[in-house]
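Pasting a structure below so you can have a look.
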Amino acid sequence: MSISTAMTNATSGMSAATRRAEVVASNIANATTPGYARRSVVLSENILTGRGFGVRVNGIDRAENRGLTTAFRSADAADGRAGLIANATISLNESLGEPSEGYGLFSAYEQFETAMRDLALSPESTASQRVLLDRATALTTEFQNLQELVNESRESADAAIGAGVRQVNTALDEIQRLNGAIGGLNESSGDAVALYDRRDQLVSEINRLIPIKEYNRADGQIDLVTREGVFLLQGSPRYLEFSSAGALTAQLTYGDGSGRVSGLSIGSSEITPGAATGQALSGGELAGHFTVRDKIMTSFQGQIDALAGDLISRFSAPAIDPTLTVGQAGMFTQNGGPLTAPTVGVAGQIEVNVVLDPDQGGALHRLRDGIGALGPGPAGDATILNNMIEGFTDRRPVNAATTLSGDYSVIDAVAGISSVIGAARLSAEASATSTAARTEVLFSKKIEATGVDTDAEVQALLLIEQAYAANARVIQTASQMINILMEI
């Protein structure tokens, strides 16, 4: 080997070592950067006229495992939906209260029944009458609080859908821009590799909201399609379309004909989760928000409306209170009057009859003597109170909206609904735990395959330093040999 060849080899080796050191340093610096994939320098032998002249840097390789990435994205989308559903059922379960707990609707029912029984034992007691009125008011307050929870949960889900749609559309615009930039670069250049990182991060963000498939096109560009086959990006973005409703009442639901509550579409394609179309979304956070808004909360709305309506009707029967006329409201009212159809939202409209409340011009004695009593009756007469207790505990068929079947007393009905919600919570929590665990495992494997191991990078840096020093020593030796030759 000639001296010039040795110097050429050593010089190219130093240049390659410098580039490798830069890449390793970048790996270490970005070890915790989200979406960063490990880089490595691609080297090859430099051949000129059939002979080797050192090494050549061909580009930068980006660590990638498409199989793991696809599996992780699938699990991540499922985790997003499962977590939202679990949180919704937990919220309902905690707000409704368990039979064994001292708060919530079930507890309010129990305290109301206890107050009725106490007053029946001493119907002349003004203090006991006041307690019963307070317990009845507390019961209606529990219903109103549950109605508020439903409304707020649906509004929050609706707003989250709107925010998610904006996030997806913004990401599609940026991915299109990155597609164009990547198409004009050598895919192994350092600039292109950084663009791939950012694009993959955006695709993952979209995928958590809407599960998607990624298809490669020429020049390193990609198209995006929902799992159900609707293009989100096909050369240019196809934007999601959705209109946030703002305030939502019990009477406003998706598909009610009012047009106030929006579905989700891409152009002419209806992709609203739960819609009767093969293109409807079935996973991701957007599907989770739709499930909360249009299924979980509306189902619970029907359950609490059924309970509230049953309570109003039980205490409005003339057989319980002979002072009532047919169609007249009893102890409980719907917006101050009798129960009327439709009863959607009655949980937020149930009130204690004002004729019982001294603070509103009523009289406490009517709890004992009847809603229509013109004046106080016999102080020790507990007939109507006993009728109310019997009506409260009587087993009757329940509204189908409760999702229960058979005959139930008031307490048994709310306990049954509490059990249904509790079972839904356990199922949702189990699903969320399972999907979260799978997502975590796949994420760890993905990081292991494509992320940065700082220990390995430091070791590589030591080897690069040795290679650089060895090439520098070759150049130093060659220089000394040239000096010796020059002195001859």
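The values are calculated or read from the model by the stated rules, or taken from the named source; none is laboratory data. On a predicted model such as this, the values are computed, not experimentally measured, just so you know. Cβ coordinates were reconstructed from backbone atoms using ideal geometry, including for glycine residues, and neighbour counts include every protein chain displayed. For accessibility, only protein heavy atoms count, side chains too; no ligands or nucleic acids. Shrake-Rupley method; radii C 1.70, N 1.55, O 1.52, S 1.80 Å.
Using mean Cβ contacts within 10 Å as the protection proxy, how do 37-46, 134-143, 333-342, 346-355 order, highest first? List each step's numbers first, then the result.
Details: 37-46: 16.9, 134-143: 19.8, 333-342: 14.9, 346-355: 22.0.
The packing order, highest mean first, is 346-355, 134-143, 37-46, 333-342.
Here's a follow-up. Taking the simple approach of a point 7 Å from Cα along Cα-to-Cβ for both residue 247 and residue 354, what is their distance in nm?
Label-label distance for residue 247 and residue 354, simple model: 2.2 nm.
What is the angle, in °, between the Cα long axis of helix 3-29 and the longest principal axis of the Cα atoms in the chain? Nearest 10 is fine, range 0 to 90.
Helix 3-29 sits roughly 10 degrees off the main axis of the chain.
Moving to a separate point now. Work out, step by step, the length gained on full extension between residue 488 and residue 163: first 0.36 nm times the residue separation, then minus their alpha carbon distance; give nm to one decimal.
Length difference between fully extended and current span is 109.0 nm.
Okay, next question. If you fit an axis through the alpha-carbon atoms of helix 297-314 and take the longest principal axis of the Cα set of the chain, what angle between them do you get, 0 to 90°, nearest 10?
Value to nearest ten degrees: 10.
Say the dipole of the chain comes from +1 at the beta carbon of Lys and Arg and -1 at that of Asp and Glu; which of 484, 119, 18 then lies farthest toward its positive end?
484
Let me ask another. What does the charge count around residue 330 come to, taking other residues whose C-beta lies under 15 Å from its C-beta (Lys +1, Arg +1, Asp -1, Glu -1)?
It works out to a net charge of -4.
How large is the charge dipole for the chain, taken about the Cα centre, if only the Cβ atoms of Lys, Arg (+1) and Asp, Glu (-1) carry charge, to the nearest 20 debye?
For the chain, the charge dipole is close to 1840 debye.
Next question, about the same structure. How charged is the neighbourhood of residue 128? Take every other residue with its Cβ under 11 Å from the Cβ of residue 128, and add Lys/Arg as +1 and Asp/Glu as -1.
+1
Once the whole set of protein chains is in place, how much accessible area is left on residue 411, using a 1.4 Å probe, in Å² to the nearest 10?
About 30 Å², ignoring ligands and nucleic acids.
What FRET efficiency comes out for residue 463 versus residue 441 if R0 is 35 angstrom and r is the Cβ-Cβ distance? Round to the nearest 0.05.
So the FRET efficiency works out to roughly 0.65.
If you don't mind, another one. 222 nm [θ] for the chain, helices only, -39500 (n - 2.57) per DSSP H run of 4+, per residue, to 500? Walk me through the intermediate numbers first.
Working: 11 runs with 270 residues, N = 488.
Rounded to the nearest 500, the figure is -19500 deg cm²/dmol.
Rounded, prolate or oblate: which fits segment 57-96 when a ≥ b ≥ c are the square roots of the eigenvalues of the alpha-carbon gyration tensor, with rounded for a/c under 1.5 and prolate only if a/b beats b/c?
Here segment 57-96 falls in the prolate category.
How much length is gained if the chain between residue 127 and residue 5 is pulled fully straight, taking 0.36 nm per residue apart and subtracting their Cα-Cα distance, in nm to one decimal?
The span from residue 127 to residue 5 would gain 33.1 nm if fully extended.
Also: Each label point is 7 Å from the Cα along the Cα-to-Cβ direction; what then is the distance between the points at residue 470 and residue 103, in nm?
Calculated label separation equals 7.0 nm.
OK, next. Around residue 294, what is the net charge, scoring Lys/Arg as +1 and Asp/Glu as -1 over all other residues with Cβ under 12 Å from its Cβ?
+1
Let me ask you something else. Send over a whole-number figure in Å² for the accessible area per residue of segment 83-158, probe 1.4 Å. Please list the in-between numbers first.
Values: 3020 Å² over 76 residues.
For segment 83-158, the solvent-accessible area averages 40 Å² per residue.
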